[in-house]
Each structure stands twice: as C-alpha cells, then as structure tokens.
1. Residues to consider are ARG467, ARG438, ARG442; find the one that is more than 35 Å from the chain's Cα centre (by Cα) and part of a helix (DSSP H, G or I).
2. If I filter the range 395-416 for residues that are farther than 21 Å from HIS444 by Cα, polar (S, T, N, Q), open to solvent by 20 Å² or more (accessible area, probe 1.4 Å) and touching a residue at least 24 places away in the same chain (Cβ under 8 Å), do I get at least one hit?
3. Of these, ARG388, ARG365, which one is open to solvent by 20 Å² or more (accessible area, probe 1.4 Å) and touching a helix residue (DSSP H, G or I) at 6+ places or on another chain (Cβ under 7 Å)?
4. Taking only pairs six or more apart or across chains, which ones have beta-carbon atoms under 8 Å, a first residue in the range 43-69 that is over 26 Å from ILE363 (Cα atoms) and in a helix (DSSP H, G or I), and a second residue that is of a type in the set (A, V, I, L, M, F, W, C) and at pLDDT 95 or above?
5. Quick check on my filter: what residues within the range 397-442 are touching a Leu at 6+ places or on another chain (Cβ under 9 Å) and aromatic (Phe, Trp, Tyr)?
6. Identify, please: which residue in the range 118-140 is touching a helix residue (DSSP H, G or I) at 6+ places or on another chain (Cβ under 8 Å) and within 23 Å of GLY86 (Cβ to Cβ) and is, among those, surrounded by the fewest Cβ atoms within 10 Å (Cβ to Cβ)?
7. Looking only at residues in the range 184-219 that are free of Cβ contacts under 8 Å to residues at least 24 places away in the same chain and not in a loop (DSSP other than H, G, I, E, B), which one is least open to solvent (accessible area, probe 1.4 Å)?
8. Based on this model, can you work out whether ILE334 counts as touching a Lys or Arg at 6+ places or on another chain (Cβ under 9 Å), more than 16 Å from ALA219 (Cβ to Cβ) and not charged (D, E, K, R)?
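The values are calculated or read from the model by the stated rules, or taken from the named source; none is laboratory data. Since we're looking at a predicted model, the values are computed, not measured. Note: ideal-geometry Cβ built from the backbone for every residue, glycine included; neighbour counts use all protein chains shown. Note: accessible area is taken over every heavy atom of the protein model, side chains too, but ligands, DNA and RNA are not part of it. Shrake-Rupley method; radii C 1.70, N 1.55, O 1.52, S 1.80 Å.
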Amino acid sequence: MVDGGTVASASMKTIREGSAEILVAEHVFYNPVQEFNRDLSICVLNTFSRIYQREKLQEQQRNGTIAPDNGTVVVPLAAGVRHESGLRILEALSATGLRSIRYAKEVRGVREVIANDLSKSAVESIEQNVKHNGLENLITPSFNDAMTLMYMSTKPDQRFTAIDLDPYGHPSRFLDGAVQSVEDGGLLLITATDMAVLAGNTPEACYVKYGSVPLKTKACHEMALRILLRCLETTATRYGRYIRPLLCISADFYIRVFVRIYSGQYACKKSSSKQAMVFQCTGCESFTLQPLGVLKPNPTEANPKQIKFGLPTGPFVGSRCEHCNHQHHMGGPIWSAPLHDEEFLAELAHTVEGEEATHLTTIRRICGTLSVIREELPDVPLYYTLDRLCGILKLESISMLKFRSALLHAGYRVSYSHANRTSIKTDAPIGVLWDILRCWHRAHPVKADRFLEGVPLSAILAKPPSRDYDLDELHPEANPPSRKESMMRFQENPTPHWGPGTRATLM
C-alpha cells in the first residue's frame, strides 16, 4: 500500500508494479506486501466486470431494449480503454494513485476511475502519476473528504459501480457512505488492518468501532471477517439494502472482503437469520453459535416458498460447559452465513488461470489461496485448530491426515480454512472431536500428573469415547487437492518487522 506524502521538493524514486509506474518522493511509504491485495483486487474486478456486462445485457433483453439472443453474447472488453457502459470505480483513499492506475491499465471494461484523497500533496502526486502513465482519459483525480464525496454521490445517476476502501486501520466510519453511493448490484472492496482490535485484544474498542464483541479464539481471523461483514450488513439494512459476499480473505496483517450490495426490503428481513451470538467455553474453548433469528415455512400460505420470520428458542448452552464444566464467554454478533459465493469463485478461478492474469507477480499465491478457499466448507462458521485441541488435553500431537481421516470415516465433512494452516473446519459436533482425541489418548496416554482437579483435560479424558474411531486407515479424501499439488496455501512472513507500516500524515 502506498501512503500519502509530499512530492513537492523531495528527490523522486520510481516504483513499478504490474503495468503501472509511479513517481514518488523518497520518504513516501510503499509496502510491497500489499501487492497481493492489489493483484487479487484486479482479478476480482475483471471477473466482476464480465458479470456486470452480462447482467446489463440480460436486463436490456428483459426490458425489450435489445432483441433477445438465443446464444451467448460475449461483450468485448479491453484494459486501458474507456468503455462508456463500463465500471465507474472510486478509490476513496488513493494516496499516490498506484491502485487507481493499475485498475485503469489492467481491469477490462472500465469507464472511469476516481482517485480521491484528502491530502493536497497526495492529489498532486496522483495528477503527476496519471500524466506519467498517460491515463488522463480514464482517471479523474479528486481532492475531497472520502465520506463527503460518497454522501454527495447517493443519487442513482451519481453512484459508483465499485468502491475500494483501503484505509489505515478500521473502515467502519466509511461504510455508511459506501453502502449508499454504490449502485444496486455494485461491488465494495474493503480492507481492515486493525487486526489486534478485531482479533479480541481490546473487545471494548471492537464494540465501539464495529458493534460486536470479539473472542480470543484460534479462529480469530475468520471471526474478524464475520464481524466486519456483520457491521457492513447492519449498515446496509438501514437503507433497505443487503450484502452478498463474493470473497472474504484473511491475509498477512489484514482482512479483505469483496461484497455486492443489493436493494430489497424483503431480503433485508432475513438479516437476523444470518447473524449469531457465539458462546465459547473458558476451559476447553468449544464454541456454540446461537442465531438472532430463524426462518421457517409459513403453514398458512399457499405458496410453499413463503417463509415466516421467528425468534430462536434458547439458550443454546447451559450455565456450564457440558464437556469440561467451565463457564462461557459470549461474543458477537457475527455474520454466520457463507463468506464466499461458489459461482463467483468458479468464474474467478477462470480469470486467474487466464491470460489476463499471467503478468501478476503474486499469481502463484492467488491460485493457492483460492484453491483452499474453494475447498472450505461454506456452511460451517469458524473452526478449531488441531494443535490447540491437543494442547488443551496435553496430548502428543496427532497428524492432521489421521484426524481428518477419522472424521471422514465417521461420515462427517472436514476442510481447512485459508486463515490457518492447522485449522479443522467440520460439521461434526465438538463432542466428536473430543471422542477422536480420547481414542488417540488410549494409544498415547497423557501423563498421570497432568490430571489435576478443575482442568479441562481431567473432565474430558475421564469420559470414555462413545465409539471407536478409525485412526489407522487413511481416507482417500483426507489429503485435499491443494495440499497434494503443493500449492502455496499459506504465506510466510516475507521480511522481519513487517506489517501495515506507519500512518500517513495529512499534508
């Protein structure tokens, strides 16, 4: 990420990334780690652009504006060329304009990119770099407050097709303007870098910024995504709009969500059924989700698709954990619906494998990350980690393949999460996971001096397993394709002391 800075009298340096070349002052901060963020965003926008053009064409055919076509109509899209019916993209916090320039040069089917910043020196840098790249016909520099600009663009004919928010820290203050100024069916691309807040270090600060209480859990990175989505959903529903997540990732030191915004009062009423509170045991760390609302068929209606909105009965947990007799912490609300759209991921994979993505430096990592995401169980919120489960019981570590095989042999589904290399995302109840580890304990017993009164392992391992689980025979699906093919699934820290960098000063 390039942060704002002055370019007036300082010596200049050249930064090349993708198809863009920008000139910045020597002291201007440039974070090469965020190149993955920008590369992935370009792939998503290229995919969205094709879908957007197809949907516009179908709408015109339904309205009778153009004659229906029995075949597949392919709209020719090119990068670096102005398309009058294409995407109108706002980069609300543009700094030197690197991201906007890359969007203009590498995203196909763009009508206009508005590169906005509140720093006068940043806007001067944007203007200089737009001319340097010969993109005056595609990029419009804007000197304005991001929130003011979005609030001034809420009329239907002024809205943006896509809005990119990549602030330093939390994006929640921009969400109100963003959900109002994006087109119906438009795309929001949002980054949050305040992971310490979202991951549970300061739950009171997270509640102030996002309206949810995080839990300190091994699934904190996925929980961060779900807190951000819930905040975005509740902001949108105030205006009769709702979200459809296309792709949500936890990467490096930030989270990034790609979400479409739609209008519809009836769909907004389903919002409570997509949100849940989370109860986490303070001892064994098992968690339970309790939805805020439920949907059920309405027996009085003739239409079988008609649903009735109701309140859930509960509580879903007792005052003490049924596994270890400890109390619970309560967190949330969080987004409990799927994080990704499977149809969009399939089309995104086509983009990543195509010619338009071959120039991207981080394409190998993009392919690996998407492969893990496509293997994730879409209907299972949150996950456990195998090392933590073994650590709670003081057990000798069991191999990931053995554990996954035991779950698969027992008839349950299991996957990794892209957010953690030792994750166990499964539809099996936590009691099944403890049972598998009880079977492992029989062959690899815990030392007797570990069994102390009041500790979780004493209560959990004192119970016999309800059945025997197969820990010897490897299930054919235990090793997922992304692992078999040795894809780059989880990124290592590329340099010491890396992270989001220092906040830019306003000049």
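1. None of the others qualify; the one that does is ARG442.
2. Scanning the range 395-416, I find no residue that is farther than 21 Å from HIS444 by Cα, polar (S, T, N, Q), open to solvent by 20 Å² or more (accessible area, probe 1.4 Å) and touching a residue at least 24 places away in the same chain (Cβ under 8 Å), so the answer is no.
3. The match here is ARG365.
4. Qualifying pairs under 8 Å: none.
5. Once the filter is applied, which keeps residues that are touching a Leu at 6+ places or on another chain (Cβ under 9 Å) and aromatic (Phe, Trp, Tyr), the range 397-442 yields PHE403, TRP434, TRP440.
6. Looking only at the range 118-140, we keep the residues that are touching a helix residue (DSSP H, G or I) at 6+ places or on another chain (Cβ under 8 Å), and these are 118, 126, 129-130, 133, 135-136, 138-139.
Narrowing the set further to residues that are within 23 Å of GLY86 (Cβ to Cβ) leaves 126, 129-130, 133, 135-136, 138-139.
Values: ILE126: 30, ASN129: 27, VAL130: 23, ASN133: 22, LEU135: 21, GLU136: 11, LEU138: 25, ILE139: 27.
Result: GLU136.
7. CYS206
8. Values: touching a Lys or Arg at 6+ places or on another chain (Cβ under 9 Å): yes; more than 16 Å from ALA219 (Cβ to Cβ): no; not charged (D, E, K, R): yes.
Criteria not met by ILE334.
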